[in-house]
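Heads up: the structure comes next, in structure tokens.
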Amino acid sequence: MKRMFVFVSLIMTLSLFVLPGNLSGDVPPGAVPERIVLNVTANPAREMAITWRTGPGVKNSQVEYMIATSMSYWKYKNRKNADPYKDTKFQTAVNETVNLGNGSIVLQHSVVLKNLKPDTLYQYRVGSGETWSEWEHFRTAAAEEKPFKFIFLGDPQNELKSMCSRVFRTAYAAAADAAFVLIGGDLVTKPWQDFAWGELFYAAGWISRRVPFILVAGNHGYYLKNKKGVTKRQHRFWRPHFTQPGNGPNGLEETAFFIDYQGVRLIVLNGNEKLLEQQKWLVGLLADNPNRWTIIAIHHPFYSTGSDRDNPALRVLFQPTIDKYAVDLILQGHDHTYGRTYKLRNGKIVPDSEKGTVYVVSVSGPKFYSINEKHKHLMKKLGTGLQLYQVIWVDGDVLRYESRTVTDELYDSFELRKPAAEPAPDK
Ligand SMILES: [Fe+2]
Ligand SMILES: [Fe+2]
């Protein structure tokens, strides 16, 4: 008996070193789908992207979906004379093999559901054979302008499981009917560590299965410095985890794109590379924009709020275009502080009644920088040291914004109103 005890103890001790990920909290996946995430596509009224992963060897992975019903699945399937439109459908996933570099191979599965009904609650599950996820819901966007809200989070990046889980949960509790969660980049700090991605999905929990995410490319998770200090593009783990639109400049698929969502043109820029191409692309998007509101999300701030940073090149390149077309709101991360400007045009404060742009930098994770005072005169609110989330409501001529602490106290808020004299653009 004693010998058996010693043997078991030895195996348990060894397993801490042998089983990859046990120390990190990440266990190699099997057949059960994990890291399930919804993503908004370029046609959000008709489509939904779903991505998940399993261990290798999972064949014929699929999404099963239908318009949501409160009737139980089996009772529904056995019902006679079921409405054929409401019958479940299957779509087979595209599979991508990813080598985690720690001896594990995983499969990332992705599907874009198409031909969905606008403004409709669907239910779906992902899996293969006898192994499936739970059924979960998502709602498609309305095909026309309609009030909605969304959540914006600055960089989560650090201590994702320990400190970021509560941000996701508090934000979801405050805005469970959010149309999407927009994250401003730096999802993880070391993108080559699979366990960090595991922690991100732990923090997001089942929220990413119910509310679609829109991810901005940060510098972390995008670049990897090798031992010689050479910077290489790092998409190896970032890209397979998500399925984002590819309607931006060539070479920036899934990192620079736009989504028209119920009266808002949301443009996601990639602050890491090909900025000139993006500037030209942006001019076209803004010159021909049928939406009432325009929001840009980019990781790197135009007016830095953290440490001794600044990005004058971004201002030189994009500011004239942003001013000319009066982009309403710019959501940014990277500086691990909080800053919200007055309404600005040409780098100067303009009255609320005039056309201009509000720039926000925020952070959701627990890493903070000191405040940068360089642009303090442009800031209505400037601070650091707080984990924050934002909820943004868009309702006709009014855009309402709240920044709240993770302990759910109001930290900052403002409203933007379209001047009454400015008619809504034709659709
Ligand atoms: Fe960053
Ligand atoms: Fe960051």
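Here are the numbers for this structure:
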{"read-out": "Cα long-axis angle, helix 165-174 against the chain (0 to 90 degrees, to the nearest 10)", "value": "60"}
{"read-out": "Bins of 5 Å from zero: percent of alpha-carbon pairs in segment 34-139", "value": "2, 11, 22, 22, 18, 13, 7, 3, 2, 0, 0"}
{"read-out": "Pairs of alpha carbons in the chain whose separation is greater than 27 Å (percent)", "value": "53"}
{"read-out": "Distance violations [Cα-Cα > 19 Å] among Lys146/Lys343; Lys89/Lys146; Lys190/Lys367; Lys355/Lys418; Lys343/Lys418; Lys348/Lys380", "value": "Lys146/Lys343; Lys89/Lys146"}
{"read-out": "Highest average packing first - 286-292, 271-277, Cβ atoms within 10 Å", "value": "271-277, 286-292"}
{"read-out": "Three-way shape call for segment 102-169 based on the alpha-carbon gyration tensor, with the a/c threshold at 1.5", "value": "oblate"}
{"read-out": "Segment 297-321-segment 101-116 distance, computed between alpha-carbon centres (Å)", "value": "34"}
{"read-out": "Over the chain, relative contact order from alpha-carbon pairs under 8 Å, at least 6 apart, %", "value": "14"}
{"read-out": "Cα-Cα P(r), segment 328-414, percent of pairs per 10 Å interval", "value": "17, 50, 29, 4"}
{"read-out": "Computed [θ] at 222 nm, deg cm²/dmol, the chain (DSSP H ≥ 4; -39,500 (n - 2.57); rounded to nearest 500)", "value": "-5500 deg cm²/dmol"}
{"read-out": "Relative packing of 245-257, 365-377, 42-54, which averages over residues the other C-beta atoms within 10 Å, highest first", "value": "42-54, 245-257, 365-377"}
{"read-out": "Alpha-carbon Debye profile of segment 276-370, log10 I(q)/I(0) at 0.13, 0.21, 0.22 Å⁻¹", "value": "-0.44, -1.08, -1.16"}
{"read-out": "Accessible area of the chain belonging to carbon and sulfur atoms, whole % at 1.4 Å probe", "value": "54"}
{"read-out": "Charge tally in the Cβ shell below 10 Å around Ser304, where Lys, Arg are +1 and Asp, Glu are -1, Ser304 excluded", "value": "-1"}
{"read-out": "Segment 34-139, relative contact order [Cα under 8 Å, separation at least 6], %", "value": "34"}
{"read-out": "Enclosed volume per residue, in Å³, of the convex hull spanned by Cα atoms of segment 262-327", "value": "88"}
{"read-out": "Calculated FRET efficiency for the pair Glu354/Lys280, C-beta based, R₀ 30 Å, to 0.05", "value": "0.65"}
{"read-out": "Positive minus negative residues near Lys374 (Lys, Arg vs Asp, Glu; Cβ under 10 Å)", "value": "-1"}
{"read-out": "FRET efficiency, 1/(1 + (r/R0)^6) with R0 35 Å, evaluated for Arg169 and Tyr73 via beta carbons", "value": "0.80"}
{"read-out": "Nearby aspartates and glutamates by direct alpha-carbon distance to Lys149 (threshold 16 angstrom, same-chain neighbours under 8 apart not counted)", "value": "Asp119, Asp177, Asp260, Asp328, Asp395, Asp397, Glu402, Glu415"}
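The values are calculated or read from the model by the stated rules, or taken from the named source; none is laboratory data. Predicted model, so just to flag it, every value in this text is computed and none were measured. Cβ sites come from the backbone with ideal geometry, for glycine too, and all protein chains shown count toward neighbours. Calculation scope for accessible area: heavy atoms of the full protein, side chains included, ligands and nucleic acids excluded. Shrake-Rupley method; radii C 1.70, N 1.55, O 1.52, S 1.80 Å.
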